[in-house]
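Following: one structure in structure tokens, then a few remarks.
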Amino acid sequence: MPEISQKKILRFVANKFKTVFCLIVLFCTPAYAQQQKPDAKLVDTWLKMTDDSVTLYQQHKHKEAIALAEETLGFAKVNFGSEHPNVAESMDNLATYLVAEGRYAEAEVLYKKALAIIEKNFGPESDYAVIFLSYLSDFYKKIGKTEEANILREKASSIRHKNK
């Protein structure tokens, strides 16, 4: 049986966390409790598409993962609305896959848009914003924009500390 690296395990756990995050956002947050919930079949379809793109990415099939993630993002925009947290999650996934292909400018735009959607829905100092600030910070660190990464990491840390 092949050995599974710790990095792969952490990536898998992180992606599962994202899926759980989306379900919590969709069904448990006050912002959405008052609104009509999306059809469960649409949510199931979106989750399946998301999970399938994650699987492709983990199999290093980046081009296929990107194509499916683009389709998933379009699906989310049409079925949940362009400002829905699931759209932000879809943008984050697509950005992650684009980074793997060296498409940093496109990824940066998506990470920023995803953060803006989360901040609009939950507030700029919400725990959800902290998560998406961390995604953008990690991206900046990866591409060598250390100063920007540190600023965002500090902001996320400050918000996290305030929210305790």
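In table form, for the structure just shown:
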| quantity | calculated |
| --- | --- |
| Test result for residue 149, buried (at least 22 other Cβ atoms within 10 Å of the Cβ), hydrophobic (A, V, I, L, M, F, W, C) and assigned to a helix (DSSP H, G or I) | no |
| Those residues of region 56-67 which are on the phi < 0 side of the Ramachandran plot and over 15 Å from the mean Cα position of the chain (by Cα), in sequence order | 56, 58, 59, 61, 62, 63, 64, 67 |
| Long-range neighbours under 6 Å by Cβ, at least six apart or interchain, first residue farther than 17 Å from residue 92 by Cβ within region 61-75, second surrounded by fewer than 22 Cβ atoms within 10 Å (Cβ to Cβ) | 64/56 |
| Number of the exception - residue 105 against (1) in a helix (DSSP H, G or I); (2) within 24 Å of residue 51 (Cβ to Cβ) | (2) |
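Taken together, the values in this text are just the output of simple stated rules run on the coordinates, not laboratory data. Bear in mind the structure is a predicted one, so any value in this text is a computation, not a measurement. Every residue, glycine among them, receives a Cβ derived from its backbone with ideal geometry; neighbour counts consider all protein chains shown.
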